[in-house]
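The values are calculated or read from the model by the stated rules, or taken from the named source; none is laboratory data. Quick caveat: nothing in here was measured; it's all calculated off a predicted structure. Here the Cβ positions follow ideal geometry from the backbone for every residue, glycine too, while neighbour counts run over all protein chains shown.
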Amino acid sequence: MTPPDVHNLGFDDIEVTGAVVKLRPLSAADADPAWDLIHDNRDILKWLLWDGPTDKEELAKTWGERWPEEMHRGTSYRLAIEPLEGPKFAGVISLTLPHYANSVNSVEIGYWLGKPYWNLGYMTEAIGLACCFAFTCLDAVRVSSTVFADNFASRRALEKNGFNTDGRLRRDVFKYGQWQDTFFMTLLAEEWLESHVEPCSVRLVPHVEPPGTLK
């Protein structure tokens, strides 16, 4: 994978394909299957900082307008997890660059997967592909993720990709009427190089602003 100019990290399209899943940008068309998977599903929502969408229209507008714009600017990348054997949508993995100074080479990932697709290796590979994109294309020196302390499956998927637990944050998130502890987990660039998922194929289309466009 050849990295683009690290000072211009915007993309019009991203496609990173592994052995069982493909990562590609979210679109408004993904709102319908996402709503069916996550609406009122506490088995998924209880592990997320997000409380879920208000309705499908909210999802479609955000995924069809806001997230593509952020991908163009290079501030975040919200990608669909698409199993190669179908269906077209199984979950989401996001990569976010921090907004504070002096940490431009740190990337935070978050993710969720529809319950019908648990325990099939999809999320483990999706995390690996996302990390490959972060270290290779975003010039990351560290990828981090914050997971609920009781979310053993999520922690295990991160550990399979080489992540280490840096610490436990007590009473970090108030969710469904209770305080939840979280673990802060990280993967450094040199650790990633030792053992990582290698994509089967990668297609990147850098975003280029038209001449005279003001950002």
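Below is a table of values for the structure above.
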| read-out | value |
| --- | --- |
| Residues of the range 160-187 that turn out to be free of Cβ contacts under 8 Å to residues at least 12 places away in the same chain and either under 20 Å from L45 (Cβ atoms) or surrounded by 15 or more Cβ atoms within 10 Å (Cβ to Cβ) (or both), as a count | 5 |
| V6 vs. criteria out of contact with any Gly (no Cβ under 9 Å at 6 or more places or on another chain), surrounded by 19 or more Cβ atoms within 10 Å (Cβ to Cβ) and either at pLDDT below 95 or under 16 Å from T136 (Cα atoms) (or both) | no |
| Residue satisfying all of: in the range 28-55; among the β-branched types (V, I, T) and part of a helix (DSSP H, G or I); surrounded by the fewest Cβ atoms within 10 Å (Cβ to Cβ) among these | I44 |
| Subset of the range 129-155 (residues that are within 23 Å of W50 (Cα to Cα), in contact (Cβ under 8 Å) with a residue 12 or more places away in the chain and surrounded by fewer than 23 Cβ atoms within 10 Å (Cβ to Cβ)) | S144, T146, V147, F148, A149, D150, N151, A153, S154, R155 |
| Only one of F183, F135, F152 that is closer than 22 Å to W112 by Cβ, hydrophobic (A, V, I, L, M, F, W, C) and touching a strand residue (DSSP E or B) at 6+ places or on another chain (Cβ under 9 Å) | F183 |
| One residue from P87, P33, P25 being in contact with a Pro (Cβ under 9 Å, 6 or more places away or on another chain) and either of a type in the set (F, W, Y) or under 23 Å from A140 (Cβ atoms) (or both) | P25 |
| Pair list, Cβ < 9 Å and 6+ apart or interchain, from the range 189-215 residues that are under 23 Å from L79 (Cα atoms) and modelled with pLDDT under 95 to residues that are of a type in the set (D, E, K, R) and in a loop (DSSP other than H, G, I, E, B) | P206/D5; E209/K215 |
| Residue within the range 197-212 that is loosely packed, with under 10 Cβ neighbours inside 10 Å and either touching a strand residue (DSSP E or B) at 6+ places or on another chain (Cβ under 9 Å) or at negative phi (or both) present | yes |
